[in-house]
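Peer 1: I'd like to ask some things about the structure below.
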Amino acid sequence: MAEDLLVDHAALREQVREKYREVAADPHRTFHFHTGRPLAARLGYEQEAVDALPDRAVESFAGVGNPFSLRRLQPGERVVDEGSGAGFDSFIAAGQVGVSGTVVGVDMTPEMLKKSTATADRLGMGNVEFREGLAEQLPIEDGWADAVISNGVINLCADKKSVFEEIFRVLRPGGRLQFADIANGRPVPPEALRDIDLWTG
């Protein structure tokens, strides 16, 4: 599969890391995408759940949709948040699965992981943890998760086949994937597909 990739996956990852370092460090600056509470409202997140979170848990949110609109998570479920960023979706998930459930957020950007972990500690959320890792190599055991959630992450990965293989590896039999992402319904010229800058916006 690696030889078929249209862009250098290591270079793409580094550009994505750099962009989201900025979102973690300075979430109120202008980006080519929306962020924070206005974005969560636009995407239809439950207002009560968002209002219950402090600004630091919401300000770096940069999703493209609402994976919880597909189905509400159930109390006691085990959930993986692939590409968890500063933790917004993980915190929403933690509220839905409750203290008997577990949420593991996985992200590759150290600044995002530092922010999400510190926020979880401040909130006293013992049912949430964050791990460093790649979507193509999730640091989760086989068959652990009842659900995998993801928000605007798969489109940023060059090797989507590996990403989906990892998702299905960590899901238990009968588990589910709930994700929001960007898809292009029209053919993209090969030269555009090979332009890393267009992948990251």
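The values are calculated or read from the model by the stated rules, or taken from the named source; none is laboratory data. Bear in mind the structure is a predicted one, so any value in this text is a computation, not a measurement. Ideal geometry is used to build each Cβ from the backbone, glycine not excepted, and the neighbour counts take in all protein chains shown. When the accessible area is computed, the model is the full protein with side chains, heavy atoms only, and any ligands, DNA or RNA have been set aside. Shrake-Rupley method; radii C 1.70, N 1.55, O 1.52, S 1.80 Å.
Peer 1: Using a 1.4 angstrom probe, figure out how much accessible area the chain has per residue, in square angstrom, rounded to the nearest whole.
Peer 2: 50
Peer 1: Roughly speaking, what is the stretch gain from GLU46 to THR30, that is 0.36 nm per residue apart minus the C-alpha to C-alpha distance, in nm to one decimal?
Peer 2: Contour length minus the Cα-Cα distance gives 3.3 nm.
Peer 1: Sticking with this one: What are the principal axis extents of the Cα atoms in the stretch 70-164, in Å, biggest first?
Peer 2: 35, 28, 24
Peer 1: Over the stretch 103-149, what lengths in whole Å, largest first, do the semi-axes of the equivalent ellipsoid take, defined as the square roots of 5 times the eigenvalues of the alpha-carbon gyration tensor?
Peer 2: Values: eigenvalues 74, 41, 9 Å².
After diagonalising the Cα gyration tensor, the semi-axes are 19, 14, 7 Å.
Peer 1: Return the inverse of the average 1/r over all pairs of distinct C-alpha atoms in the stretch 41-102, which is the Kirkwood hydrodynamic radius, in Å to one decimal.
Peer 2: Details: mean 1/r = 0.0835 Å⁻¹.
12.0 Å is the Kirkwood radius here.
Peer 1: If you plug each phi of the stretch 94-109 into the Karplus form 6.51 cos²θ - 1.76 cosθ + 1.60 with θ = phi - 60°, what whole-Hz ³J(HN,Hα) values come out, in order, with x for Gly and Pro?
Peer 2: Whole-Hz 3J(HN,Hα) from phi for the stretch 94-109: 4, x, 7, 7, x, 5, 7, x, 9, 10, 10, x, 10, 8, 9, 9.
Peer 1: For the stretch 146-201, what is Rg from Cα atoms divided by 2.2 N^0.38 Å, rounded to two decimals?
Peer 2: That ratio works out to 1.33.
Peer 1: Additional query: From the residues THR119, GLY44, ILE196, which one has its Cα farthest along the dipole of the chain in the positive direction, the dipole being from +1 and -1 charges on Cβ of Lys/Arg and Asp/Glu about the Cα centre?
Peer 2: GLY44
Peer 1: Quick check on the stretch 108-201: what does the Kirkwood estimate of hydrodynamic radius come out to from the alpha carbon pairs, in Å? Walk me through the numbers before you get to the answer.
Peer 2: On the way: mean 1/r = 0.0651 Å⁻¹.
Evaluated on the stretch 108-201, it is 15.4 Å.
Peer 1: If you line up the long axis of helix 9-25 against the longest principal axis of the chain, both from Cα atoms, how many degrees apart are they, to the nearest 10?
Peer 2: So the inclination is approximately 40 degrees.
Peer 1: Now a separate question. When ranked by the protection proxy of mean other Cβ atoms within 10 Å per residue, highest first, what sequence do the peptides 158-166, 76-84, 104-112 form?
Peer 2: Descending packing order for the listed peptides: 76-84, 104-112, 158-166.
Peer 1: Apply the Karplus parameterisation 6.51 cos²θ - 1.76 cosθ + 1.60, with θ equal to phi minus 60°, to every residue of the stretch 175-192 and state each ³J(HN,Hα) to the nearest whole Hz, in sequence, with x for glycine and proline.
Peer 2: x, 9, 10, 10, 9, 10, 7, 9, 10, 9, x, 10, x, 10, x, x, 5, 6
Peer 1: What list of ³J(HN,Hα) couplings, whole Hz, do you get for the stretch 116-121 from phi and the Karplus terms 6.51, -1.76, 1.60, once you set θ to phi - 60° and write x for glycine and proline?
Peer 2: 5, 5, 5, 5, 4, 5
Peer 1: So, one more: Give the long-range amide H neighbours of ASP181: residues separated by 5 or more places, or on another chain, with amide H under 5 Å away, using H modelled in the peptide plane at 1.01 Å from N.
Peer 2: GLY152
Peer 1: I'd like the distance separating the alpha-carbon centroids of the stretch 69-118 and the stretch 140-198, in whole Å.
Peer 2: If you average the Cα positions of each part, the centres end up 17 Å apart.
Peer 1: Near the amide H of VAL103, under 5 Å away, which other amide H atoms are found, from residues 5 or more places off or on another chain, if H is placed in the peptide plane?
Peer 2: Residues meeting the criterion, in which the H sits 1.01 Å from N, are VAL79, VAL128, GLU129.
Peer 1: Roughly what % of DSSP beta bridges within the chain run antiparallel, to the nearest 5?
Peer 2: 5
Peer 1: Note the angle between two axes, namely the Cα long axis of helix 160-170 and the longest principal axis of the Cα atoms of the chain, as a number of degrees from 0 to 90, rounded to the nearest 10.
Peer 2: Between helix and principal axis, roughly 30 degrees.
Peer 1: Would you calculate the convex hull of the Cα atoms in the chain and tell me its volume per residue in Å³? Provide the component values of the computation, followed by the final result.
Peer 2: Details: hull volume 24.0 nm³, N = 201.
Per residue, the Cα convex hull of the chain comes to 119 Å³.
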